[in-house]
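Read the structure below first, then the notes.
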Amino acid sequence: MGRVLALVLFFSPLFLLSSVPSAAAREEAVGRRSHRTERISGSAGDVLEDDPVGRLKVFVYELPSKYNKKILQKDSRCLNHMFAAEIFMHRFLLSSPVRTLNPKEADWFYTPVYTTCDLTPNGLPLPFKSPRMMRSAIQLISSNWPYWNRTEGADHFFVVPHDFGACFHYQEEKAIERGILHLLQRATLVQTFGQRNHVCLKDGSITIPPYAPPQKMQAHLIPPETPRSIFVYFRGLFYDVGNDPEGGYYARGARASVWENFKDNPLFDISTEHPATYYEDMQRAVFCLCPLGWAPWSPRLVEGVIFGCIPVIIADDIVLPFADAIPWEEIGVFVAEKDVPNLDTILTSISPDVILRKQRLLANPSMKQAMLFPQPAHPGDAFHQILNGLARKLPHDQSLYLMPGQKVLNWTAGPVGDLKPW
Ligand SMILES: *[C@@H]1O[C@H](CO)[C@@H](O)[C@H](O)[C@H]1NC(C)=O
Ligand SMILES: *[C@@H]1O[C@H](CO)[C@@H](O)[C@H](O)[C@H]1NC(C)=O
């Protein structure tokens with residue numbers, strides 16, 4: 001049917017609205033029963049359901065609470081924002097069976113610093129103090145334990161979920177100018193930011209999904225057979241006048257282009273207004289736009305997966321979460337930023353067969369689990385994917401270990417402001 005139906009659909013948006021969704025929903029329901037047969041496989045193989053226990057040991061540095069718990073006490077909103085993974089990863093590791101209390105047998109060292117929990121009164125995290133705080137924490141672990149100096153951090157990992165990871169600035173230009181904090185140049189970074197060939201993404205980093213509250217999403221699930229009567233859905237900013245008064249920086253203009261081209265298109269349900277039915281609406285939509293904002297990624301990707309809405313990723317060269325374990329090209333739709341004006345044609349040209357296959361993959365429970373940081377943790381969740389990613393990097397190459405007294409990093413490199421004590 002593919003070709004003929006696709007043509008009909010192409011010329012008849014109304015038909016598409018009324019007919020594809022119910023077929024898709026039926027298929028989704030079927031997919032739910034037969035998901036065991038359709039495995040999710042990435043470039044690293046069929047690894048999504050691997051169990052990390054027994055494959056790595058992690059030593060958690062014990063730091064004064066001013067680096068983590070005290071910061072959270074000051075502002076509990078940090079538990080709900082999209083960078084909360086850094087807090088939950090800390091809690092998870094403390095009670096994980098991969099944790100070792102004996103640093104001599106550790107494969108990886110983890111330093112629990114909450115770098116994204118400094119919020120403006122409006123709840124916006126700004127990472128301006130993060131470089132000093134991180135530097136201070138590294139100074140502390142390198143003088144109190146012998147392990148940092150052995151490798152200058154090459155067997156250490158850090159969770160840095162802010163917009164441009166360890167570049168610690170929310171504006172791309174400034175982030176690029178800063179570069180990754182020098183002291184972290186040998187460490188493995190676990191971060192939300194992922195973009196190929198970008199100074200803020202070091203080779204070997206682990207890209208994770210942003211945090212989205214699992215219980216809250218669960219509470220908004222609607223029956224899976226509900227027809228998907230919305231073709232394209234998006235809620236969010238198109239312009240950020242406050243931070244980008246002249247326009248053009250925010251989302252590199254891509255969101256403005258979505259609005260300017262499609263605000264009056266009946267296939268596009270797009271607006272800045274966040275309705276109370278936001279999560280339900282995503283479950284009634286075929287495609288959910290995931291355009292870049294200040295950073296390339298957004299929580300919409302996670303929401304799309306959880307709610308079975310095919311993510312339409314508009315963020316050139318983005319590296320998506322756990323990209324070696326998840327075949328994102330098969331699951332989402334990628335649209336180049338410059339092609340936004342053709343978004344309608346691009347999406348209406350996708351054949352129903354392809355749509356159904358993407359919906360089937362999205363319905364796979366292991367796919368959904370990998371996007372979430374639930375409490376308590378659950379096999380296959382994002383915590384486990386991070387550990388699996390770290391385990392796949394073992395054993396460490398012997399060349400990481402420095403000669404006694406050998407120094408590679410320059411402790412005074414970087415902007416002078418970063419050198420002030422924290
Ligand atoms: C690690 O090296 C620094 C000098 O770079 C030194 O100050 C510190 O004492 C060393 N740490 C240990 C535990 O020896
Ligand atoms: C370390 O960085 C500082 C600041 O950029 C620079 O002045 C200094 O020469 C560097 N030291 C070494 C040993 O490269």
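Bear in mind these aren't lab numbers, they're just calculated from the coordinates by the rules spelled out. The structure displayed is predicted, hence computed values, not measured ones. Cβ atoms come from the backbone with ideal geometry, glycine included; neighbour counts cover every protein chain shown.
Remarks
- Residue 288 long-range amide H proximity, modeled H, under 5 Å: 233, 310, 312
- Residues with amide H under 5 Å from that of residue 156, placed H, sequence gap 5 or more: 109, 188
- Here the residues 120, 272, 151, ranked from fewest to most Cβ neighbours within 10 Å of their Cβ, fall in the order 120, 272, 151.
- The charge dipole of the stretch 129-212, taken about its Cα centre with unit charges on the Cβ of Lys, Arg, Asp and Glu (plus for the first two, minus for the last two), comes to roughly 200 debye.
- Less than 5 angstrom separates the built amide H of residue 334 from those of 313, all sequence-distant by 5 or more or on a different chain.
- From phi via Karplus (6.51, -1.76, 1.60), per-residue ³J(HN,Hα) for the stretch 320-330 in Hz, x at Gly/Pro: 8, x, 6, 5, 8, 10, 10, x, 4, 4, 7
- Mean-position separation - Cα centroids, the stretch 250-318 and the stretch 150-179, in angstrom: 27 Å
- With a simple spin-label model that places each label point 7 Å from the Cα along the Cα-to-Cβ direction, the separation between residue 66 and residue 271 comes to 4.8 nm.
- Here the 3J(HN,Hα) profile of the stretch 179-193, calculated from phi with Karplus coefficients 6.51, -1.76 and 1.60 at θ = phi - 60°, is x, 5, 3, 3, 5, 9, 5, 9, 7, 8, 9, 9, 8, 7, 5 Hz, Gly and Pro shown as x.
- Computed from the C-beta positions of residue 357 and residue 241 and an R0 of 41 Å, the FRET efficiency is 0.55 to the nearest 0.05.
- Evaluated on the chain, the Kirkwood hydrodynamic radius is 22.6 Å, with distances taken between all distinct Cα atoms.
- Virtual spin-label span in nm between residue 219 and residue 94, 7 Å along Cα→Cβ: 2.4 nm
- Of 387, 63, the sequence from fewest to most neighbouring Cβ atoms within 10 angstrom is 63, 387.
- Potential extension, residue 419-residue 104 segment - 0.36 nm per residue separation minus Cα distance: 110.3 nm
- Under 20 Å from the Cα of residue 393 - lysines, other chains or at least 8 residues apart: 57, 104, 202
- Helix 352-363 axis versus longest C-alpha principal axis of the chain: approximately 40°, rounded to the nearest ten.
- Its Cα centre serving as origin, the chain has a Cβ charge dipole (Lys and Arg +1, Asp and Glu -1) of approximately 1160 debye.
- For 320, 181, the sequence from fewest to most other C-beta atoms within 10 Å is 320, 181.
- Pairs over the 29 Å Cα-Cα cut-off, from the set 129/216; 263/368; 174/420; 263/338: 129/216; 263/368.
- Label point distance in nm, residue 317-residue 412, each placed 7 Å from Cα along Cα→Cβ: 3.4 nm
- Its relative contact order, with pairs defined as Cα atoms under 8 Å and 6+ residues apart, puts the stretch 176-237 at 25 percent.
- Counting DSSP beta bridges with both ends in the chain, the antiparallel % (nearest 5): 10 percent
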